[in-house]
Amino acid sequence: MKKPTKKQLEALVIGLSIQHHQSDLAVKRRRYELNEEYACYFRVRGEIEPGFRGIRPYDPRYAGVVAYTADAYERLLQAKQGRRSAKRRLDTAVRRLMILTGASFAVPDVAPAKRPPLRTVRRTTVHGETLQ
């Protein structure tokens with residue numbers, strides 16, 4: 001099999017970038033749909049724990065909401081898997097293009113964050129006695 005040219009790899013990277021972005025949008029849409037199903041369930045049945053925001057899937061009190069949203073949750077997991085696959089294909093194509101063009105794989109140097117100079121601190125008790 002013939003190795004792809006630089007132009008072919010660039011076109012592949014562009015196409016895979018679009019696919020990755022579309023799969024990311026699909027994940028966001030599926031997450032929104034799942035959250036809408038949660039909201040619908042809790043509007044009808046009432047909140048299980050009014051002060052808690054979240055789902056505890058192994059808590060028997062949440063068995064109803066887990067069963068009600070199982071299909072939407074499965075669609076979210078499939079969308080996430082699609083996004084991971086698209087990202088992996090994109091990374092592979094970019095790596096191949098970097099090898100073909102001779103781009104460096106070295107991590108660029110980044111200057112460390114500047115910390116403010118340390119100051120001496122006087123520690124005292126409630127009564128004003130110095131601890132140092």
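The values are calculated or read from the model by the stated rules, or taken from the named source; none is laboratory data. What you see is a predicted model, and the numbers here were worked out from it, not measured in a lab. Virtual Cβ from ideal backbone geometry, glycine too; neighbours counted across all protein chains shown.
Some notes on this structure:
- When A106, A79, A72 are screened for being surrounded by 11 or more Cβ atoms within 10 Å (Cβ to Cβ) and closer than 30 Å to L12 by Cβ, only A79 passes.
- Every test in (1) at pLDDT 85 or above; (2) over 30 Å from L12 (Cα atoms); (3) out of contact with any helix residue (DSSP H, G or I) (no Cβ under 6 Å at 6 or more places or on another chain); (4) not basic (K, R) is passed by E33 save one, and that test is (3).
- Residues considered: L100, L90. Of these, the only one that is at pLDDT 95 or above and surrounded by 13 or more Cβ atoms within 10 Å (Cβ to Cβ) is L90.
- In region 28-63, residue surrounded by the fewest Cβ atoms within 10 Å (Cβ to Cβ) [restricted to those that are more than 21 Å from R83 (Cβ to Cβ) and in contact with a Lys or Arg (Cβ under 9 Å, 6 or more places away or on another chain)]: E49
- Residue list for region 73-132, filter: in a loop (DSSP other than H, G, I, E, B), β-branched (V, I, T) and within 30 Å of I18 (Cα to Cα): V107, V110
- When K6 is tested against the conditions (1) in contact (Cβ under 8 Å) with a residue 40 or more places away in the chain; (2) surrounded by 13 or more Cβ atoms within 10 Å (Cβ to Cβ), the lone failure is (2).
- Qualifying position, being among the β-branched types (V, I, T) and in contact (Cβ under 8 Å) with a residue 40 or more places away in the chain, among V126, V121, V107, V94: V94
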